[in-house]
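Every read-out reported here was derived from the displayed coordinates using simple, explicitly stated rules and does not represent laboratory data. Since this is a predicted model, take the numbers as computed values, not measurements. As a convention, Cβ positions derive from the backbone with ideal geometry for all residues, glycine included, and neighbour counts pool all protein chains shown.
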Amino acid sequence: HATKKTMADHLRKYESVFTLTPQRMRMIVEAFKDTLELGLQKPDQIVPMIPTFVFGFPTGQEQGDYLAVDLGGTNLRVCLVSIQGEGKFEITQSKYRLTEEQKQDDGQKLFDFCAECLKTFVDTNLADADAGHELQPGEMLPLGFTFSYPCLQSKIDHGELIRWTKGFGATNTEGRDVAEMFRQSLLKYNLPVVLTALINDTTGTLIASHYVNPKTRIACIFGTGCNAAYMERVGDIPKIKHLGIDDSAQMAINCEWGAFDSFEHEHLPRTKYDAIVDDTSNKPGEQSFEKLISGRYLGEILRLVICELIDEGVLFLGQNTYKLEVPYVFDTAFLSLMESDPTDELLMIIGIFSHFFAVETTLAERQFFRALAKLIGRRAARLSACGIAAIVSKMGYLDEGCAVGADGSLYNKYPGFADRIHEGLVDIFGEKGRNIVTYHAEDGSGVGSAIIAAMTKVRK
Ligand code: ADP
């Protein structure tokens, strides 16, 4: 009879599949760089490297009052942003919840709802100076529209929806110009606004974080999904050469990097748990990089490991585990809580398992869960470092150093996520990796949208 394996023995197996060596990370960075280049060279690539028609960084001197509408994954947000120059701004905002029905119903109705919410906001906040901004007769406010779904753009205030993501499926919208559709809705409600810019949240974060910290060169989102944007020289975007834009101009690129290694699965270290997440997702094969990193998936990866050990008769012997057997019940926020449990007994972990999943845990099991969360969270951060390193290396930012504005609940709330990205950058680049520093970017989707609306006005 073989001696019974301890939880520590089991952990060693997971350590070997979830750990990324510096050498492996450097290989990923090289492949990532090639993929970024390919996306700039040719249209219709897996990582689409979308030109945003946002030209260059703000000067920091932009000023004025702007409206922003942010259609995110769960909420619709309307903001009045007062930009004051020198990196300063004030923001007044309201949130409106979207129903599942609205996400799947006719697209024009969705934009009508956005306009209706904007109307309520304008009536409340733009009636007099005390409320925010007093609209003068005939005055039209510039409006930035943050729409974080992949769009093909040929100018800043147009954008054809390539496909819905993040669970949206509104009809009669894919393939159409969403800015134009929203303009139709704005007309219906007779709103005193001009839609001047359609932007992605990643691009908004890039611009807003540069406004606050001019050393910023890259922006990343780590939330439900995962994406990045940076500023590129137009001459280095061969696929838009036919537009005749000055080669020396700068344009923000929305990478849509969550798609890296999709379909081919050649470069990323996928475990069998990652393969299950992918196979059972609504879009198998797609968003491969995102599926190893973002908040939507980390909890599910951990849950799949737990289920495997339940099947092997290692965990929760004699207990009913049906509550753990439902896909996506284990939220990534639980990983954050498990990693930050300050008690020796791991009382927080006792609470999570007993309260949400009706199972009792031993101390050895709890230590194992915490260690497993750490492996999965650490891998996500180190892969994120590979993506950042690919842009840094391609653009030659390493010697001079740069700041990376980041946002999203995973980045903001997962303990140690930023530190692990920084460690990863040192593993990739050596000591020089310390020149690249990520920081929390405040409300990029609202403020960025307003600043881009301001930049657009200045250009005209
Ligand atoms: P979105 O990306 O939809 O705009 P967020 O940035 O809030 O919104 O990201 C939501 C994702 O973050 C969800 O997948 C959720 O599981 C995850 N999340 C929420 N809270 C935490 C937390 N405390 N720690 C880690 N992940 C979290």
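Can you give the charge dipole size of the chain about its Cα centre, rounded to the nearest 20 debye, using +1 on the beta carbon of Lys and Arg and -1 on the beta carbon of Asp and Glu?
For this selection, approximately 720 debye.
Collect residues whose amide H, placed 1.01 Å from N in the peptide plane, falls under 5 Å from the amide H of THR146; neighbours closer than 5 in sequence don't count.
Amide H neighbours of THR146, under 5 Å, 5+ apart: VAL69, ASP70, LEU71, ILE199.
Going down the list LYS323/LYS374; LYS33/LYS291; LYS33/LYS166; LYS13/LYS33, which pairs span over 29 Å between their C-alpha atoms?
Table pairs above 29 Å Cα-Cα are LYS13/LYS33.
Kindly point out which whole DSSP H helices in the chain project their C-alpha atoms 30 angstrom or further along the helix axis while averaging a Kyte-Doolittle hydropathy of -1.0 or above.
363-395
Points 7 angstrom from Cα along the Cβ direction at GLU442 and VAL426: gap in nanometres?
Simple spin-label model gives 2.9 nm for this pair.
For the chain, state the average projected area of the convex hull of the C-alpha atoms over all orientations, rounded to one decimal in nm².
Mean orientational projected area (the chain, Cα hull): 24.0 nm².
For a quick check: sort LEU268, LEU410 by the number of other beta carbons within 10 angstrom, fewest at the front.
In order of increasing Cβ crowding within 10 Å: LEU268, LEU410.
Fewest Cβ neighbours within 10 Å first, please rank VAL326, VAL29 accordingly.
Lowest count first: VAL326, VAL29.
Order of ARG270, ARG97, ARG366, ARG382 from fewest to most other C-beta atoms within 10 Å?
By the 10 Å Cβ count, ascending: ARG97, ARG270, ARG366, ARG382.
Say the dipole of the range 93-157 comes from +1 at the beta carbon of Lys and Arg and -1 at that of Asp and Glu; which of THR120, GLN108, GLY138 then lies farthest toward its positive end?
Of the listed residues, the answer is GLN108.
In sequence order, what are the phi-derived ³J(HN,Hα) couplings for the range 430-437 according to the Karplus relation 6.51 cos²θ - 1.76 cosθ + 1.60 with θ = phi - 60°, rounded to whole Hz, with x for glycine and proline?
x, 3, 4, x, 5, 6, 9, 10
Report the calculated FRET efficiency for SER154 and LYS4 (r = Cβ-Cβ distance, R0 = 51 Å), to the nearest 0.05.
Between SER154 and LYS4 the formula returns 0.20.
Can you tell me the dipole magnitude for the range 1-135 around its Cα centre, using point charges on the Cβ only (Lys, Arg +1; Asp, Glu -1), in Debye to the nearest 20?
Magnitude of the dipole: close to 1300 debye.
When only Cα pairs under 8 Å and 6 or more residues apart are kept, what is the percent relative contact order across the range 52-177? Please list the in-between numbers first.
Numbers: 197 pairs, mean separation 33.9, N = 126.
It comes to 27 percent, rounded to a whole number.
Calculate the length of the line joining the C-alpha centroid of the range 129-204 to that of the range 316-385, in whole Å.
What the calculation gives is 41 Å, centre to centre.
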